Every structure is written in C-alpha cells, then in structure tokens.
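The values are calculated or read from the model by the stated rules, or taken from the named source; none is laboratory data. Everything numeric here is computed off the predicted structure, so don't read it as measured data. When we count neighbours, we look across all protein chains shown, and the Cβ atoms used for this are built from the backbone with ideal geometry, even at glycine. Heavy atoms of the whole protein, side chains included, go into the accessibility calculation; ligands, DNA and RNA do not. Shrake-Rupley method; radii C 1.70, N 1.55, O 1.52, S 1.80 Å.
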Amino acid sequence: MKLSIVSSGVVCSGGFGSDALFGKWAEANVSNATGNREHRVFLVNREAGELRRWEKEARLRRASPISYYLIEAANQALEQVPHLDRKRVGVVSAFFLGCLVYTIRFFHQITEEGRRSASPIIFPETVFNSPLSHVVSALGIGGPVYSQVGDTSCWSNALRTAQVWLMRGTADHVLVLGAEEFDPHQLDAFHAGGLFRQSLCVGEGAGAILLGREEVEGGASLLEVNDGFSFGDKKQAARAVQRCMENVPLDCAVMDTASGWMRPLAAHAIGNRRILLHVEGLSVEASTASCAWNTIRAAIMLAKGDEEKIAVPFWGLSQQCGIALCGR
Amino acid sequence: MSVKSQRKVAITGFGCVTALGKNLTETWDRLYQGHSARVPLTVIETEGCRVREGAQAELPNLKNLIEKELRRLSRASRLGLPAVGDALEQANLLDLDGRSKLPRLEMCVSTTACGMEKGEEFLRGVWSGQREGQAARVRHYQAQHQIREIQQYFGFVGPSMIVANACAGGGNAIGHASDLIRSGLADIVLTGGYEALCGLVFTGFDCLLSLAPEACRPFDQGRSGLMLGEGAGFLVLESEESAVRRGVKIAGFLAGYGHCTDVRHLTQPTQNGEMLERAMQMALQDAAMSADCIGYVNAHGTGTPLNDSAEAAAFTRVFGETMTRLSSTKAALGHTLGAAGAIEAILCLQALQSGQIPPQINLQNPEPLVANFLATRNELIEMEAAMSVNLGFGGSNAALIISRS
C-alpha cells in the first residue's frame, strides 16, 4: 500500500527540525561508565529551549530525556499539518534501548542504597512505553499506540505496523517515531559487543514521520516495506542482507545506512546500485533514531526532485534487516 | 481507502508455562481446582523488599540442549521455548525432530523486561570491573535475542515484531498478529508473550506499594495489591483458509480485537474505566458480536484498589445484567506483565473448549458491582465466546474476543 510521507520532525545533535540533519553536528568525547575509555559521541543539547519548553507539561516534568526527544520530534511533524484530527492519529515508536538513563539510575539506586530506598517516581519511567504515553497525553493523540522494541530494524517493523493500521482503517494518519537516549553504560555495552571495532560513532535523538493515505502534491511516498530478513550470526546475516536487497531495482539509488560490522556485507549486497553517501551526522549510529533520520533525508531528496526512487535499508545489528522503498 | 477484511483468524495451536504448571494441562488442572502459586521467592533476591512472595515457575526441560547451553539462556527464554514448542506441536508445525516444518514463520511477541537478569548482571559487571562474560550478558538481555533463540531452537526465520505496551502487550501482540492475517500480510503468525521474574521489576512494584503483602484478592473490597509472577504463553494464529488447507484442527477463532490508550495517568486507569470500556466495545464491534455473546471474561484484575474498581465500572457498563461469569486468574498465577495477555487468552480458549470456568479465588468481600458475576469453584457453562482484557502502565488497554470453532 502506497502511503504519503506527510511531514517530519527531527531532534539530533545537529539541532532541531529536518534542516538540522544537514548542518554541523555537535560532538564530544565522553568516558564510558567504567572510566577507562573515551569515545566520540553525538549528543542532543538537553538544555535547548526546544526541549525545555516541554517541562511545562505536568506529565513530562520528571520524564527521561528520551521522552523529551520524542515529544519534540512528534510535535514538529504534527504542527506542519494544523487541521489534522489528532483523535484519528495512531502512534508507533521503535526503540532499541529505550529508557536507558532511568533504568540504570533505578538499578544503581537499589544496588547501592538497598531495595528499600528504590524510588517510586523513577520506576514507572523505566517502562518501555512510558515515553510514548507522555507524548500522546501531551499532544492530544487519540488513535492506537504501540511501543515496539528490537534492533535498528525495529524501525521498518514500525513502518509496517503503520501500514496495517492505515490499511485497516484503525487510524487516518500514523506518526512513526524512532528515539534513543545516551548513557555512558552504552559505551561499555557496545565495547563488550565488539561494535567499536569498525569505528562506530554513537549518537542519540529522535525522528518522526507522519504517514497518511492521501496524496501529497510534490511530496514523497512510502511505496513498500520489506522486512523480517532475520539472522542469528554473520553468515546468516550475509544471506539476509542479500535477500533484503533482491527486490530493489538495479537502477534505484540506495541510502548508505550501514554501520559497524554490517558495512562490508551491505556494500556487497548493494552491488553496483548507486549509493547515496551519508552526510556528516547521518553516519552516527543512534539506532532507531538514525533510521528515522535516513528516511526523512530520503523524503527530502525525493520532494526536491533529486531522485525518483530511493531504497532506505535498515540493517539491524542483532535481529533482522528490512528496507523501505520510497518514491515521489 | 481502508480495508476491513472479514478473513477469519483461526487458532490452531497454543501452549503456556506458568507458576501453576509446566504446560497448559498442569496449569489448567490446578487453576480450576482453585490453587494459588504464591510462594516465598527464591529465583530473585528480595532482601529489603516489603513483600518477598510471588509466583515463580518451575522451568521445564528442554530437549536437545546440554547443560552449558541451558545456562547461557535467559530465564525468559527458558520459559518461552517450551510454550512455543507446545503451540507449534499442536498446530502440526513441528517435524519428528521438533523442528519447524515452515522455514519462514512470522512472530508477534510481547515482553516488558526482556532478559532483564542478564542486563542486571551486565551492570553489576561494569560497576565491579568484571570483563569476562560481558558480551554474552549484553546479547542475552535484549528482547530480540529471545526471539532469535526461539527461531534457532525450532529452525525457522522470518519477521518478528516485539511490542512492549507494558501489561497490555500480550493482548496487543495477539491482536496485531490477527491484524496481519486479516490484512493479508501473513498467513500464519506465532504470537504470544513471555516474562521472567527479575529484581529490577519486582523492586519497582514493591516500591510503588503495589504488591499484596498477603494473598492477592482481585475484586475483593479488602484487596491490597498484586502478586508478581512469570511465565509464557504462545499461540499459532492462521487464516481459516490456511488451517483448512493444512488440515489442522481449529481450536477457536480470534474474533475481535480492540485497543486504546488512557492518557490520564502513567500508572493509574481512569476510575470510571471509560478507556477499557472503549477497548471492549471496539473488540465487540470488530467481532460483530453483542455483549451477551460473551460467556466468560478473564479480567485484568490485578488486585490493586484502583485497577479493579475501574474494571468493575467498565464491565458493568459493557455487560450490564447480561454478563455471565468473570474472574481474574492473576490471584492464582500471578501477574505476568508482558505475558499476561497471552496466557489469559489461552485460558479463555481453554474455558471455551472445556466449559470450565477458572474460579475467582481469595474472595472474602466481593466488589458489589461485580459480586454476582464472579466465578466460583466447579462452574461449568456452554458459551459462544470469551473475552480477555488487559490494562497496562502508560494507559494501554487491550481486549480480545475468542470464539468457538
């Protein structure tokens, strides 16, 4: 089912709004939680007015950074369509790590100070679907709401959920969100998993696209989502990546989205198709947020007439890969 | 243009592991007899918690895995794999070696804590400077790893969707699987949920003062909280045409699904239960059924003061005097969070097939609004359909209707 990409929203270390994808991204050297290594990371300015203004919302006062990223990205996308019936908007968000900061803080508290000192304020904010609950509450959204979890390919899965809801009339529009927040323990985890062996740069932020059934004059469309090419090891991943690319026409441009150990496998599978090299910030691995940013970049290029069709792969790093075929 | 397909969704296989039993037969026997699985917990550390009891499962054996391989699995996988095996076997999707006959099988699964005990071990490792084994802990924590272990153990690949809508997630996963089939995007979907007890979540509920210090008493005026549990429930859903083509027995139909979000509060439902009522009405409309078709409702019934009163209000408005029987099986099995919706849907199916209604145990002074509807021991009824409802943190509400084959 062909869907229009009606609007979008971005929160990243380059700033706020889709133009931020193409500007200069702020970077910093941050130490891991163990304190024995520093890594280059791309962090959102958590003190920016675009985020702090959401503190006025009672539900968000104590919420984790990821909630702020999500609501700002979602609001950007919704504000571009002022007459939307928000009661008929569904929301599906993709997460890789979700509410990392509060989960670690809560567990640290009960480990160091004892279980009796656990905070009843922090615990609910550790739950995967809390951020999205804040978003729908604050923005007055009334349609179906799913929080989905997985590796980066979770984004293509979320796109598929949106397709189902729009096909079945469960919603008239669907906001698809991807968001991640950074915590230094993530560096320890990525190091343990060997993900830094291929010069991976960690980031955080959020991206949102609003999908609808109506045609948008001069806009971009989501033509097809192919996902679920699952793998358990690198050998299976090589096969999954090849199968993922099989339905992509040879003359279709492919967005450069692979990171870490996936890069050589992706390059091989893409073969002679034209590659749209990433702009500076889009080389950052912010999991589902990166997937959203890459989809938005494709939509912008299509709307400008730079390309007729763009394939945006979401390679995953531990579960499956998927691909979105976008057109004008 | 939207497509509301009338394609019927058959249930051809189902299995569960709970604190009452290593499979559905054991669970059902003890549930129907009115047992509770509440015990002092030994599988997680509870020192310092106000409440130290819950419902912990005995892990079933897993064929073809040696001790070293078993040790690597998260507790979540140890619970999930046997339940998946039972569901696939009943749906005639396993070969003689216990491997999937289908090389590609889609999954829709729910969990809230993934393999959390591995995540806890990883964090402790970071704080103590331990390096050995950290990579495996990171890997085994993630929800997609439990999916991968299911795929590898049974030998299939395919798309997997993990929904984390808190305690309503199990209902959402099953409902979404049904949506995929009715949209024509899948013919067969393995769906369900799993949840293992872990220190972080148990302490979280303890600090919220949500855990019952004594017996969990859903829909009792003296209720004081929930009993946390663990388990897994999986079902094979497929289009009716696919089931007929394969010649497999249809156990029932997933006839209706409704879901919506209550935005009033992060952890408390609106007290008049209006959003749960909406989810139930959506499910009835989806199933093209009236409320009097529903013979049994498996309530969310956590046993917390606010949840049960909101639910009771919603049930009264949806069913009025037509409601027949109602119970919350969480008093017996514990609240299994992301697995609850899946396990409870399976219990609805079992009630439909057997005519036996799980009793509402631990009742002393029933909530007046639902007092006449709460199931007692040894009840047998014939019914056309049953409903399972779930609510969760974040305001998630889900309702499923399961009808006879």
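Numbers at a glance
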{"quantity": "Pairs with Cβ under 8 Å, 6+ apart, first in the range A:198-223 and within 30 Å of residue A:101 (Cβ to Cβ), second at pLDDT below 90 and of a type in the set (Ser, Thr, Tyr)", "calculated": "A:198/A:259; A:200/A:259; A:201/A:283"}
{"quantity": "Output for the range B:76-112, where each listed residue is touching a strand residue (DSSP E or B) at 6+ places or on another chain (Cβ under 6 Å), within 14 Å of another protein chain (Cβ to nearest Cβ) and not polar (S, T, N, Q)", "calculated": "B:76, B:104, B:105, B:106, B:107, B:108, B:109"}
{"quantity": "Candidate set: the range B:177-201, residues that are at the interface with another protein chain (Cβ under 9 Å from one of its Cβ atoms) and assigned to a helix (DSSP H, G or I); chosen: the one farthest from the chain's Cα centre (by Cα)", "calculated": "B:182"}
{"quantity": "Cβ-Cβ under 6 Å pairs, at least 6 apart or on other chains, the range A:101-120 side at the interface with chain B (Cβ under 7 Å from one of its Cβ atoms) and part of a loop (DSSP other than H, G, I, E, B), far side open to solvent by 40 Å² or more (accessible area, probe 1.4 Å) and modelled with pLDDT of 95 or more", "calculated": "A:120/B:208"}
{"quantity": "Residues that are on the phi < 0 side of the Ramachandran plot and within 12 Å of another protein chain (Cβ to nearest Cβ), drawn from the range A:177-195", "calculated": "A:183, A:184, A:185, A:186, A:187, A:188, A:189, A:190, A:191, A:192, A:193, A:195"}
{"quantity": "Residue in the range B:1-18 that is farthest from the other protein chains (Cβ to nearest Cβ), counting only those that are more than 18 Å from residue B:85 (Cα to Cα) and at pLDDT 95 or above", "calculated": "B:10"}
{"quantity": "The one condition in (1) open to solvent by less than 30 Å² (accessible area, probe 1.4 Å); (2) within 20 Å of residue B:115 (Cα to Cα) that residue A:166 fails to fulfil", "calculated": "(2)"}
{"quantity": "Residue tally, condition part of a loop (DSSP other than H, G, I, E, B), of a type in the set (A, V, I, L, M, F, W, C) and in contact with an Asp or Glu (Cβ under 9 Å, 6 or more places away or on another chain), over the range B:204-216", "calculated": "1"}
{"quantity": "Qualifying residue in the range B:138-152 (condition: of a type in the set (Asp, Glu) and surrounded by fewer than 24 Cβ atoms within 10 Å (Cβ to Cβ))", "calculated": "yes"}
{"quantity": "Subset of the range A:304-327 (residues that are in a loop (DSSP other than H, G, I, E, B) and touching a strand residue (DSSP E or B) at 6+ places or on another chain (Cβ under 6 Å))", "calculated": "A:307, A:315"}
{"quantity": "Every pair of residues 6+ apart whose Cβ atoms lie under 9 Å, when the first sits in the range A:32-54 and is within 14 Å of chain B (Cβ to nearest Cβ) while the second is polar (S, T, N, Q)", "calculated": "A:32/A:186; A:33/A:186; A:37/A:31"}
{"quantity": "All positions within the range B:370-394 that are open to solvent by 10 Å² or more (accessible area, probe 1.4 Å), of a type outside the set (A, V, I, L, M, F, W, C) and either under 18 Å from residue B:290 (Cα atoms) or within 14 Å of chain A (Cβ to nearest Cβ) (or both)", "calculated": "B:382, B:384, B:392"}
{"quantity": "Flag for residue A:29 being outside any loop (DSSP other than H, G, I, E, B) and farther than 30 Å from residue B:110 by Cβ", "calculated": "yes"}
{"quantity": "Residues of the range A:196-231 satisfying the condition of being more than 25 Å from residue A:301 (Cβ to Cβ) and either open to solvent by less than 40 Å² (accessible area, probe 1.4 Å) or within 14 Å of another protein chain (Cβ to nearest Cβ) (or both)", "calculated": "A:196, A:197, A:202, A:228, A:230, A:231"}
{"quantity": "Among the residues listed as A:132, A:159, A:78, A:70, the single one being facing chain B (nearest Cβ under 8 Å), among the hydrophobic types (A, V, I, L, M, F, W, C) and not in a loop (DSSP other than H, G, I, E, B)", "calculated": "A:132"}
{"quantity": "Residue A:35 over 20 Å from the mean Cα position of the chain (by Cα) and either loosely packed, with under 14 Cβ neighbours inside 10 Å or farther than 18 Å from residue A:278 by Cβ (or both)", "calculated": "yes"}
